[in-house]
Amino acid sequence: MAARPRAVRIVGPGKTPIRVQINAKPYTATVEPCVTLLDAMRELWGLTGAKRVCDRATCGACTVLVDGRREYACGLLAIDVQDSLITTIESLGADGSLDPVQQAFLANDAMQCGFCTPGFVMSCKGFLLESPHPTPDDILKGMSGNLCRCGTYAGIQKAVAAAAAEKRSRRRGKTGRPRRGK
Ligand code: FES
Ligand code: FES
């Protein structure tokens, strides 16, 4: 006997209520299903740290973490991320002290106009979760989804390497012993 198709909840094309968890806080709105996560964050919820540059998932200015993975917020529908945990640049340094990645960008002069910087910082956070011990080549490849029109790539590469080293040193500090292979 053929399996019965599972019931699918159809929404749209009109507005529908949504609830998205961002930086451990719930955000709600009633939106058309075509509204992107980036538009909902910036236009409805006052979260303007993720920048809109290309608005077509190519430059990385809008990078956020979705369940710990790097994603372009302009390439996601807000309605599709309701079951995920979103982390944005606004979550960093919330206690008044800079996150180590932000600190590394400052220390390595990794910005000029700074418009791409929130996206690079969030991309770096996600990259170091994927690749805690990156080589220079890993950094080049791993950060290639973000573009900087001011061309501060040399500083950014140094900043990512410095953030990785700092993260490892903090981890060693916590355990009190070097990690295997380091
Ligand atoms: S604005 Fe989203 S990738 Fe460029
Ligand atoms: S610092 Fe200006 S676009 Fe990157």
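Only a single criterion out of (1) over 11 Å from the mean Cα position of the chain (by Cα); (2) touching a residue at least 60 places away in the same chain (Cβ under 8 Å) is not satisfied by Leu76, namely (2). Give me the residue from region 55-96 that is within 17 Å of Thr28 (Cα to Cα) and of a type in the set (S, T, N, Q) and, out of that set, nearest to ligand 1 (Cβ to nearest atom). The selected residue is Thr88. Of all residues in region 94-123, none that is more than 10 Å from ligand 2 (Cβ to nearest atom) has its Cβ atom under 7 Å from the Cβ atom of a residue that is open to solvent by 70 Å² or more (accessible area, probe 1.4 Å) and polar (S, T, N, Q), 6 or more apart or on another chain. The C-beta contact set for region 136-151 (first residue under 15 Å from Cys59 (Cα atoms), second residue acidic (Asp, Glu), distance under 8 angstrom, 6+ apart or interchain) comprises Gly142/Glu130.
Does Leu92 count as modelled with pLDDT of 95 or more, under 20 Å from Gly49 (Cα atoms), open to solvent by less than 80 Å² (accessible area, probe 1.4 Å) and touching a strand residue (DSSP E or B) at 6+ places or on another chain (Cβ under 8 Å)? So Leu92 fails the test.
Taking the criterion of being under 10 Å from the mean Cα position of the chain (by Cα) and not charged (D, E, K, R), would at least one residue in region 99-115 satisfy it? No, because not a single residue in region 99-115 is under 10 Å from the mean Cα position of the chain (by Cα) and not charged (D, E, K, R). None of Thr36, Thr16, Thr28 is hydroxyl-bearing (Ser, Thr, Tyr) and open to solvent by 80 Å² or more (accessible area, probe 1.4 Å) except Thr28.
The values are calculated or read from the model by the stated rules, or taken from the named source; none is laboratory data. Since this is a predicted model, take the numbers as computed values, not measurements. Note that each Cβ is placed from the backbone with ideal geometry, even for glycine, and that neighbours are counted across all protein chains shown. Ligands, DNA and RNA are excluded from the accessible area calculation, which covers all protein heavy atoms including side chains. Shrake-Rupley method; radii C 1.70, N 1.55, O 1.52, S 1.80 Å.
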